[in-house]
Each structure stands twice: as structure tokens, then as C-alpha cells.
1. Assess whether Asp254 counts as being closer than 17 Å to Phe417 by Cβ, without any contact (Cβ under 8 Å) to a residue 60 or more places away in the chain, open to solvent by 40 Å² or more (accessible area, probe 1.4 Å) and touching a Lys or Arg at 6+ places or on another chain (Cβ under 9 Å).
2. How many residues are open to solvent by 60 Å² or more (accessible area, probe 1.4 Å), under 30 Å from Met242 (Cα atoms) and in contact with a helix residue (DSSP H, G or I) (Cβ under 9 Å, 6 or more places away or on another chain) when one looks only at segment 372-407?
3. Yes or no: Val287 within 24 Å of Ala170 (Cβ to Cβ) and either of a type in the set (Val, Ile, Thr) or modelled with pLDDT under 90 (or both)?
4. Could we say that Ala301 is hydrophobic (A, V, I, L, M, F, W, C) and more than 30 Å from the chain's Cα centre (by Cα) here?
5. Return yes when Asp244 is in contact (Cβ under 8 Å) with a residue 60 or more places away in the chain, more than 30 Å from Arg379 (Cβ to Cβ) and surrounded by fewer than 16 Cβ atoms within 10 Å (Cβ to Cβ) and no when it is not.
6. Taking segment 17-45 only, how many residues are in contact with a Ser or Thr (Cβ under 9 Å, 6 or more places away or on another chain), open to solvent by 60 Å² or more (accessible area, probe 1.4 Å) and modelled with pLDDT under 80?
7. With the structure loaded, tell me whether Ser418 is small (Gly, Ala, Ser) and farther than 30 Å from Asp254 by Cα or whether it fails that test.
8. What are the residues in segment 293-307 that are among the hydrophobic types (A, V, I, L, M, F, W, C), open to solvent by less than 60 Å² (accessible area, probe 1.4 Å) and out of contact with any Cys (no Cβ under 6 Å at 6 or more places or on another chain), if any?
Amino acid sequence: TTETQKNRCWNPQSAMVEKGTSLLKKMEISVAEAEKRTGKNAVNMQETYTVYLIETRPVDAASEGTNPVPDSLWRRYSEFEQLRNYLLVTYPFLVVPPLPEKRAEFVWHKLSADNMDPDFVERRRVGLENFLLRVASHPDLSTDKIFYSFLTEENGWKETVFETGFQAKADSRLKALNATFRVKNPDKRFAEMKHYGDELQSVISQLLRVRARAADRLYGVYKVHGNYGRVFSEWSAIEKEMGDGLQSAGHHMDAYAASVDDILEEEEHYADQLKEYLFYADALRAVCRKHELTQYELEMAAQDLTSKKQQREELATGTIRTFSLKGMTSKLFGQETPEQREAKLKMLETQIEEGEELVKERNGECEEFVKSAWVDIERFKEQKDHDLREALISYAIMQISMCKKGIQVWNNAKECFSKM
């Protein structure tokens, strides 16, 4: 849209929301379509990729009866990844919604694992829209300015997000999270939540594997019914009185065999809902891991402070409580002069002051992290319970409906046989 159209549509500043109010109350957001494009990549090689059209419009326009042209812009999947990485670094204490899978997992034989497959691209479009709606309805994430500009500014967004310096923070955080460290006093609640994340991921993986196997079998069973149709049709050709009935029954069997494609396409939608929580389990564990890191940094700062205080005491009293190289060298090469000791004491005093300040700061960070993270984990648990219950109920209803259609096909076939 042109600048004048944008201004006529709505004032973007009016959509900026207050803390605690979700952006969805102000703005309608959708990923309207996906488009395949070809272009040169960073190393000047030709590549084919998919872009997604994000459309936004003000909510109050609908209530006022006007229907402005939505603002729209195109984004690649890699830009969605960039946005999520930024959110992970900026809000380490929040369970950041996951993106849909980059490549199809838990596929059954007829489902393509190709990430350019139209059905996969369509499911990913739905998943990306779901991701934006999750972020836009989150009490904290929805107020983020970088997220807002992702939705509304096609040009310059990448530069804006890089200017935040999130990449450097992300790299150092990643190194720290991958390092092996052991917390001396782990918070029991976070340890249990991390264990729960592991278990949740395990059961959902198993569920998706079972479902993929069942889809394979179901597809085979439905398609083999097409053979009934072929045989009834051939049989009808050699019968006079029974011919019409057999022919009709054959048509019902053909329709039954063909119906499995739509059934399994709908099933895939429920599988994607489960997959979202498979990836959510990762996001939950990431928060617990970041808490461990915060706790570890506090413990290291406290340990360093204790060590400095011990050194001060040793210098002041002239007694060395633990075996050290310093103790050995002073015995071998004589004691330090009073001036040298005074200078060291002065330096230690400064380091202790700085250390006490750091421990205080780390303690505050840890307390703040726990408070914020626990509020969001409780919010997430409520959302998870609601979503998974709804998904499982809908899946059961779908299975019941499928069985009813199967019964109907055989009732229709029975009618055909009765008329012979």
C-alpha cells in the first residue's frame, strides 16, 4: 500500500499497546498466503524459497463498519526465526511460543517431507500465523516494539533488530548455556519443571509416532476398499437382475476409498497442534536452563567474594589457612614489606566492595527472574491444559465422525444389495 493508503487505513501509533494489554485487542493479524520465489542468496547462488504475506488491520475498523485495505508485507521463514531468537534473548524468563517445524517430522509414507511441498507450505503458513497470534496475545511479548515493527515495517526491520545487539547476547548466552556447570543449590520448582519438560516431549513424540503408524495403516485399509469397487463393477457386467445393485455398491466403495485423503489431511492439523507443544516443551526447558545459569552466576559471584574476604583476613593476620603457592613463595623468598601488604589490602578492599555489589546485583536478578518466570510458567500451564484438552476432544470427535461415515457407506451398500 502507498503512504496515503496507510494513513487512511489507520494510525500505527494508536496500535501500540499498554503493558498487560495484548496487541490482538487492537490489531487483526493474519498470514494470508505463501508464495514461492527464486533469487540469489548471500553467496550469489540461485535459490528457491517461500515468502509469507502478513496482513494487519485495526480491530476498531470492523466495529465502526469500515473495512480498510489491510497493511501487508512479505517475510521469509528465516525472518520469523530472527524475530523468535530476539524474543528468546530479550525475554529469557518467558516461555516464548515456538515456530512451526522447518522440515516435516513424524511423517507417514504418503506425506511429503519436502519443505517446498504445497501441503507442507500451507500447514507452515497456518503455523506461522498461529505463532504471531500467540506472541500478539502474550501479556509481555505483545508490547515489544521490535515485534510491532516486524508486523508493520517491511524495510529496515532487520537493521532495527540487529541494532538491539541481541545477536552478541545470543551468542554469549548460547555458549554459557551449552557449557557444563552444576548449581550447588538448585531451585526445586525449576528442576521439577525441567524434568516435566523432558517427560512432556517424550510422551508427545511417542503419540506422534503412533499416530503416523496408524495413518499409514488407515490409508492402506481405506484404499484397499477401492478393490471392492472394482470387483463389484466387474461382477455387475455379467449379471442382469443383480447388475445395478452391484454397480451402485461399487460406487459407494470407491467413494469410501477416496475419502481417506481428506480424513488424513484433517488429522495432520491435529498432529500439528501436538507438534506445537512438542516444541513448547523445549521453550519451557530453556527457561529452566536459563534460571540455572542465573543461579550459577550468583553462586560464582558469592564464591569469589568469600575467597577475597579470606585473602584479606590472611593478609591482615599474617596466617594462611589453606595450602597455597603464595604461602610457599613467602616462606622461600621472605615476607612482603608492610607497604606491599598495605597496597594489596587496599586492592582487596576495592575488589570486596565490587564483589558485594555484584552479589547484590546477581541476587536481585535471580529473584526477579524467578518471580517473572514463575508467573509466565503458570500462564503457560493453563494455556497448555486448555489447548491439549481441546485438541484431543476434537481429534476424538473427528474419529467418531469418520467411523459414522464408514457405517453409512456399508448401510448404503446394504441398501444396494437389498434391491438386487
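The values are calculated or read from the model by the stated rules, or taken from the named source; none is laboratory data. All values derive from a computational prediction rather than experimental measurement. We place every Cβ from the backbone using ideal geometry, glycine too, and count neighbours over all the protein chains shown. All accessible areas refer to the heavy atoms of the entire protein, side chains included, with ligands and DNA or RNA removed. Shrake-Rupley method; radii C 1.70, N 1.55, O 1.52, S 1.80 Å.
1. yes
2. Matching residues across segment 372-407 total 1.
3. For Val287, the condition - within 24 Å of Ala170 (Cβ to Cβ) and either of a type in the set (Val, Ile, Thr) or modelled with pLDDT under 90 (or both) - is met.
4. Yes.
5. yes
6. Residues that pass the stated criteria total 2.
7. No; evaluated as a whole, the condition is false for this residue.
8. Leu293, Ala301, Ala302, Leu305
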